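The values are calculated or read from the model by the stated rules, or taken from the named source; none is laboratory data. These numbers come from a predicted model, not from an experiment. Positions of Cβ are generated from backbone atoms using ideal geometry, with glycine treated the same way; all protein chains shown enter the neighbour counts.
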There are 2 protein chains.
Amino acid sequence: MDYKSMIYKYKHMKTTKVVTLKSRPAGLPQPADFAITEETVPAPADGQLLLRSRYVSVDPYLRGKMSGTKQPRFELDRPLNSKIIAEVITSTHPGFRKGEFVSHYLDWKEYQLSDGSGLVKVDAQTAPLTAYLGVLGITGLSAYFSLLDIGLPKAGETLAVSGAAGAVGSIAGQIGKLMGCRVVGIVGTAQKASLIRNEFGFDEAVNYRQPDFKEALQKACPEGIDIYFDNVGGPVSDAVLSGINSYGRVIACGAIANYNDTETAMGPSLLPLVVYKFLTIKGFLIADYAVRFPEGLTQLAQWLNEGKLRYKETVLDGFERLPEALIGLFEGLNEGKMLVKW
Amino acid sequence: MDYKSMIYKYKHMKTTKVVTLKSRPAGLPQPADFAITEETVPAPADGQLLLRSRYVSVDPYLRGKMSGTKQPRFELDRPLNSKIIAEVITSTHPGFRKGEFVSHYLDWKEYQLSDGSGLVKVDAQTAPLTAYLGVLGITGLSAYFSLLDIGLPKAGETLAVSGAAGAVGSIAGQIGKLMGCRVVGIVGTAQKASLIRNEFGFDEAVNYRQPDFKEALQKACPEGIDIYFDNVGGPVSDAVLSGINSYGRVIACGAIANYNDTETAMGPSLLPLVVYKFLTIKGFLIADYAVRFPEGLTQLAQWLNEGKLRYKETVLDGFERLPEALIGLFEGLNEGKMLVKW
């Protein structure tokens with residue numbers, strides 16, 4: 001290596017912090033399940049970019065990848081990864097320039113190299129950068145496609161949403177309103193109840209922590225529940241399903257109540273209910289809708305620009321807070337999308 | 001009333017036995033939940049037919065109508081009813097002649113009047129009369145439409161069928177074979193295992209009563225289960241679902257294991273599984289396919305004529321045996337369709 005190259009390499013070498021998986025959690029993830037290490041980022045080779053992570057999407061599905069119930073799982077002593085908005089710091093790639101922002105599934109590192117594959121440019125002029133992780137990202141697309149394709153909402157029907165103050169739930173509920181449904185949200189605090197009623201326009205909010213939850217839910221859904229957009233699973237969903245109407249549709253988007261289970265959770269058998277009431281219960285992998293993402297994004301962006309769709313974010317500041325953010329999801333810490341920035 | 005009319009009326013008046021609902025069963029129906037009474041059948045008015053029941057379809061769904069979980073429920077001290085093949089004994093209706101056979105939902109009576117509405121003529125020359133209650137009736141149509149529409153079977157996939165020796169299950173499994181699936185049936189006796197393998201061409205039969213049922217099922221489904229045609233619910237289905245593949249489809253056709261439950265049955269929570277594996281679990285009301293019945297019947301009749309579809313019947317002889325036949329369904333008494341004739 002000649003002198004000039006060595007200088008170049010030294011100048012462009014960086015150290016970066018990395019969040020790795022230290023141990024597979026049993027139950028609620030603990031800070032000790034994560035490790036924060038440092039490593040060197042080599043100088044970019046020809047055609048590579050150096051990326052600096054700016055916003056990290058922190059989502060409940062990551063829990064399954066930590067323990068392996070969701071594939072591909074995270075490997076021990078390797079970085080976690082999720083959707084990240086990153087800034088291009090240096091680039092010798094013809095398609096990307098310094099200062100541009102990109103979105104992709106990236107490692108939980110402050111800095112990392114990329115050969116550009118999979119990176120999608122995002123435009124900070126069109127929408128706030130964080131929107132690309134939320135309402136204009138997988139979050140919004142998940143709410144949009146699953147509610148419309150599985151839920152088949154019709155004006156006048158009642159849509160119940162669990163995790164209604166969360167990232168996906170808050171958008172699903174608003175889309176339900178746009179479709180003409182009566183929308184009832186289920187939340188865990190009075191503050192979230194107020195949020196979904198006042199900010200997101202839900203017709204009713206019911207707190208599942210109140211002792212008479214089931215009765216309160218029935219009262220909020222006088223004509224029963226036609227569509228259930230489920231982000232939580234567990235006893236809350238058992239209660240909701242007991243009040244579902246014939247031909248009801250259940251969008252099984254998430255089951256955060258069960259992600260930390262150490263043994264199989266038990267509940268009322270659903271199959272007889274499905275038989276008696278001709279129900280449809282359906283899960284989905286959002287990646288399977290990829291060819292339709294442009295359609296979804298166009299519609300979501302239009303609603304956003306028209307002020308018909310609002311969103312909320314809970315942003316923790318500091319790379320080291322990534323584990324805290326992930327653990328916080330299971331404690332109901334977030335309103336709307338959980339993000340970490342630094 | 002003139003003398004001639006009185007003679008006519010007397011001559012045509014009949015007494016008939018009737019099976020009525022004496023009490024709503026708690027748990028497994030008991031003989032005492034039924035009553036067999038006698039009543040007079042008035043002489044047919046102008047345009048009416050006198051029908052003599054010949055074959056009565058006895059089906060698990062009737063249990064739900066006895067207790068009211070399935071609507072419309074049977075009323076106390078009123079006759080039960082189900083699909084019946086009846087012979088026209090007398091008719092002043094222009095559309096029906098003495099000696100013809102008709103099929104419809106009729107009361108559990110030996111004799112009854114009809115104004116012809118809803119009656120469908122069945123032709124004993126085309127197929128045995130009982131086939132119109134089974135493979136060419138709601139039984140066959142239920143298997144056909146739900147397996148094809150919900151199950152979406154593809155050649156090479158594995159289809160598991162519970163209640164595989166039963167009326168619907170035995171047909172669903174054979175249709176699965178016609179679609180190119182590997183078909184594994186779940187049954188409760190060695191005799192039924194032999195029946196579905198040797199008569200109905202299932203690839204494998206697994207007895208759920210064996211202690212290592214789950215392991216035996218896994219062994220019979222080395223590539224997992226893509227489609228589960230469920231007639232039983234309960235612990236058998238819990239075991240099957242634990243081995244279902246991603247994107248699996250569950251046809252919730254029946255839940256006979258739960259029909260006699262006196263309290264809500266508990267089992268492993270299904271929602272997390274639906275989320276993790278992108279499952280579809282769907283019930284159906286066969287009446288919703290009514291406009292497509294001709295298509296289904298044409299296909300089923302063709303397969304039947306080509307010898308590609310076989311069926312089995314368990315026929316009890318004697319009107320008084322109707323309660324016994326219904327109770328017998330829950331004891332696994334039947335192979336194939338349960339019928340009562342006299």
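Just one residue in the set A:Ser117, A:Ser103 is hydroxyl-bearing (Ser, Thr, Tyr) and crowded, with 20+ Cβ neighbours inside 10 Å; that residue is A:Ser103.
Listed conditions (1) closer than 24 Å to B:Leu339 by Cβ; (2) more than 14 Å from every other protein chain (Cβ to nearest Cβ) are all met by B:Pro60, apart from (2).
For the condition acidic (Asp, Glu), more than 9 Å from chain A (Cβ to nearest Cβ) and without any contact (Cβ under 8 Å) to a residue 60 or more places away in the chain, what is the one hit in B:Glu199, B:Glu215, B:Glu223?
B:Glu215
Restricted to region A:269-320, and to residues there that are within 30 Å of B:Thr264 (Cβ to Cβ) and of a type in the set (S, T, N, Q), the residue that is surrounded by the most Cβ atoms within 10 Å (Cβ to Cβ) is A:Ser269. Within region B:221-257, the only residue that satisfies the criterion of being touching an Asp or Glu at 6+ places or on another chain (Cβ under 7 Å) and surrounded by fewer than 21 Cβ atoms within 10 Å (Cβ to Cβ) is B:Asn245. Just one of the numbered conditions (1) under 20 Å from A:Val236 (Cα atoms); (2) touching a Leu at 6+ places or on another chain (Cβ under 9 Å); (3) in a helix (DSSP H, G or I) is not true of A:Lys177: (1). Remark: B:Ser103 falls outside the filter, which requires a residue to be free of Cβ contacts under 8 Å to residues at least 12 places away in the same chain and touching a strand residue (DSSP E or B) at 6+ places or on another chain (Cβ under 9 Å). Across region B:213-251, the number of residues qualifying as in contact with a helix residue (DSSP H, G or I) (Cβ under 6 Å, 6 or more places away or on another chain) and β-branched (Val, Ile, Thr) comes to 2. Being within 14 Å of chain A (Cβ to nearest Cβ) and of a type outside the set (Phe, Trp, Tyr): is that true of B:Arg73 here? Criteria met by B:Arg73. Strands (runs of 3 or more DSSP E) fully within region A:243-305 that include at least 1 residues being more than 7 Å from chain B (Cβ to nearest Cβ): A:244-252.
May I ask you to verify whether A:Ile256 is at pLDDT 95 or above and either over 19 Å from B:Gln71 (Cβ atoms) or touching a Leu at 6+ places or on another chain (Cβ under 8 Å) (or both)? So A:Ile256 fails the test. Restricting region A:325-338 to residues that are in contact with a Gly (Cβ under 9 Å, 6 or more places away or on another chain) and of a type in the set (D, E, K, R), the residue that is surrounded by the fewest Cβ atoms within 10 Å (Cβ to Cβ) is A:Glu335. Screening B:Gly233, B:Gly185 for residues that are within 30 Å of B:Ser103 (Cβ to Cβ), within 14 Å of chain A (Cβ to nearest Cβ) and without any contact (Cβ under 8 Å) to a residue 40 or more places away in the chain leaves exactly one candidate, B:Gly233. If you go through region B:120-136 and pick out every residue that is crowded, with 19+ Cβ neighbours inside 10 Å and of a type outside the set (A, V, I, L, M, F, W, C), you end up with 3.
So is A:Ser146 assigned to a strand (DSSP E or B), surrounded by 20 or more Cβ atoms within 10 Å (Cβ to Cβ) and not aliphatic (A, V, I, L, M) or not?
Judged against the criteria, A:Ser146 is not a match.
If only residues of region B:68-88 that are part of a loop (DSSP other than H, G, I, E, B) and at pLDDT 95 or above are counted, the one that is nearest to the chain's Cα centre (by Cα) is B:Leu80. Only one residue in A:Val102, A:Val161 is assigned by TED's automatic domain parsing to the domain that holds A:Ala193, assigned to a strand (DSSP E or B) and on the phi < 0 side of the Ramachandran plot, so which one is that? Selected residue: A:Val161, the only one of A:Val102, A:Val161 that is assigned by TED's automatic domain parsing to the domain that holds A:Ala193, assigned to a strand (DSSP E or B) and on the phi < 0 side of the Ramachandran plot.
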